Structure formats: C-alpha cells, structure tokens
Amino acid sequence: MPVPGSRLPFDICKSVLIPMTILIADHAGFCFGVQRSLEMAAKALAERHELQCLGQLIHNRQVVAELEAKGLRVVSSMEEVPVGGAAMVRAHGAGPATYQAAERRRITLIDATCPFVQRAQRAAAAMAEEGYQVLVVGERDHPEARGIVEHTGGRATVVEDPVEVDGLRLTDRVGIVAQTTQSAEKLAEVISRVRPRAADVRVADTICDATSQRQAAALNIARQVDVMLVIGGRHSANTTRLAEICSAGGTPTHHIESADEIQPQWLAGAARVGVTGGASTPVSAIEGTVRRIEELTAA
Ligand code: F3S
C-alpha cells in the first residue's frame, strides 16, 4: 500500500504499455476532529448500543451505514431524543439551546465538537459579549456557522461572499471570526473590506490548518499527475472543494464516493494517477481506490 506522498512503481498499464505511478496526497482522509468524533461514537456505541446523533456524524454514506448498524440513529433536534437517552453532538458543534435541551430532558451528551470549532464559538461569543458587531465568514446554512451564530445569541451575521460586506451597515466595532473550513483568502478579503469602515476591528483567525494543508497537498499532487481521483461523499463540502481545486489546476479530476465508480477509460494513457480524500474519507476508501486502480491497470 502506498503511503501518503509516496511514489510507487506500479503495474504496467497494458493497454498503452506505460508504467503507472500512484501518488497519494499527504493529509488525505480524516482530519483530527472527524477521527476524534468517530472514536467517541464507537466507544459510546460499545457501551450503550444505542445513540442518537444530531445530524449526520460525517458526510460519508459507507461510514454512517456501519455506525447505524451498530445502533447510531440520526435525529434533527434534541426533542427527538428520548428523555433520559444519549445523544451526540458532532464535530460541527451546536448552539447553547441544544445543551439546554439536553439538560432539560436528562440526556447524556457525548460532545464531539471539534476543539477548533469550539475556539471559533468562544471567540464569537466573547466578541458579542464585549459589544462587537460579529461577522462570521462562512456558509449561512452550514451547521457549524449556525452554531457559531447561536453562541452570539443570534446576533452575528454570516458573510458568504466578501462583497456582501459592502451592503452591510457596520458599527464602529466589528469582530470577525471564520468557519473553520473557510479559505484564508476569503477571510483576508472580508477583513480588507471591513477595516476602512470601522475604527475598531478585532479578528480571530479560526481557520483550521487541516483544511488548508489537505488542499495544498492535493494541488501539489494534482500538478504532478495525468488524472486525479478525489474520494469522499457527494454532499461533503470539503471533498467537493478539493475536487474543484485539483480541477482548477488543470488536471482531469473525478470526484468519487467509492472505488467501484472508477471508469477504466479515466486511466487510459495515464502514467501517473493522484489520489486524495476529504476530511470524512476513511483510510479504507483510499486503500480501496488504490486497489481498484491496480486491478484496472493490471487487467
Ligand atoms: Fe476540526 Fe479542522 Fe476537522 S476544525 S473537524 S480538525 S477540519
């Protein structure tokens, strides 16, 4: 099995008789926060055999199906959890109302909020507490961004596109935080549009390095290969973004959920194939993809 960043001499691609190399991007697959949440879910399920999760634990159907077989159930609010039951807050985090409802309903809470998300929640809450007008650079409908806003008592405004800043009525004191998976460029552009219009601008750079490192590593590999395979859930925003980045670099790129989606013609004539996976992609899916490439090119 190739290791991330490795270059392996590979089987001859017999149809075109050229040696093939598979390059796996560094940082492919689960980030720290997702890995941690899965370990917490596995431990809780081993102890109780039944656990409700507020929303999909991760955007990966195969992994979710495995957990559901062990007793994980997805619910959309704490009100759906039986009184006295157990519920999990996923890595995206949740707002204070979720914790209050859990307490009211005597629910055992397994809180897998990623510590980096908690950092963003705390920064936004502190700014709001100190009277700053809070802007959250993020995706309006993303559960993490919604949770951060809830930690400001609903007072923060989500900025999806930096140009939105120009249409906002700003106060003299503006605090800016970022959803952890946002790009540094977007955050910088929001800051540059706010600074000339507010006397006191406080910034908490709450972007998580895992995302930028995975993206940089994927682009680095994409630039060296003839075709790039990006593995991860169709609904995974970070996997979709990875595929966009690789594709924008000019490399033919395919976003797949599992290895059986690989079309042999994608590999025809390719001397180098790159592989990466999103933050919700298990190592087994990356290994399966490598095996499938081996099978197809050895046939
Ligand atoms: Fe946490 Fe960063 Fe992953 S915020 S959930 S380690 S992408």
message: Test of understanding: among Gly138, Gly154, which residue is out of contact with any Ser or Thr (no Cβ under 7 Å at 6 or more places or on another chain) and under 23 Å from Met78 (Cα atoms)?
response: Gly154
- prompt: Of everything in the stretch 64-104 that's surrounded by fewer than 17 Cβ atoms within 10 Å (Cβ to Cβ), not β-branched (Val, Ile, Thr) and not in a helix (DSSP H, G or I), which residue is nearest to the chain's Cα centre (by Cα)?
  reply: Ser76
- prompt: (1) assigned to a helix (DSSP H, G or I); (2) buried (at least 22 other Cβ atoms within 10 Å of the Cβ): which one isn't true of Ala28, the others all being true?
  reply: (1)
query: Name the residues in the stretch 31-56 that are touching a residue at least 40 places away in the same chain (Cβ under 8 Å) and either within 12 Å of the ligand (Cβ to nearest atom) or not in a loop (DSSP other than H, G, I, E, B) (or both), would you?
result: Cys31, Phe32, Gly33, Val34, Arg36, Ser37, Met40, Ala41, Ala44, Leu51, Leu54
message: Condition first: farther than 22 Å from Val165 by Cβ, more than 16 Å from the ligand (Cβ to nearest atom) and not in a helix (DSSP H, G or I). Now tell me which residues in the stretch 189-229 satisfy that.
response: Arg223, Gln224, Val225, Asp226, Val227, Met228, Leu229
- line: In the stretch 41-67, residues that are in contact with a strand residue (DSSP E or B) (Cβ under 8 Å, 6 or more places away or on another chain) and farther than 26 Å from Arg241 by Cβ total 6
query: Of Gly232, Gly274, which residue is surrounded by 22 or more Cβ atoms within 10 Å (Cβ to Cβ) and closer than 13 Å to Gln62 by Cβ?
result: Gly232
message: For the stretch 252-299, which positions are at pLDDT 95 or above and within 16 Å of the ligand (Cβ to nearest atom)?
response: Thr276, Gly277
message: Anything in the stretch 85-107 that is without any contact (Cβ under 8 Å) to a residue 24 or more places away in the chain and either within 17 Å of Glu47 (Cβ to Cβ) or not aromatic (Phe, Trp, Tyr) (or both)? List them, or say none.
response: Gln100, Glu103, Arg104, Arg106
statement: Selection over the stretch 72-131 where residues are more than 17 Å from Glu50 (Cα to Cα), within 15 Å of the ligand (Cβ to nearest atom) and of a type in the set (A, V, I, L, M) yields a count of 6
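The values are calculated or read from the model by the stated rules, or taken from the named source; none is laboratory data. Worth saying up front: this structure is predicted, and the values here are computed from it rather than measured. Virtual Cβ from ideal backbone geometry, glycine too; neighbours counted across all protein chains shown.
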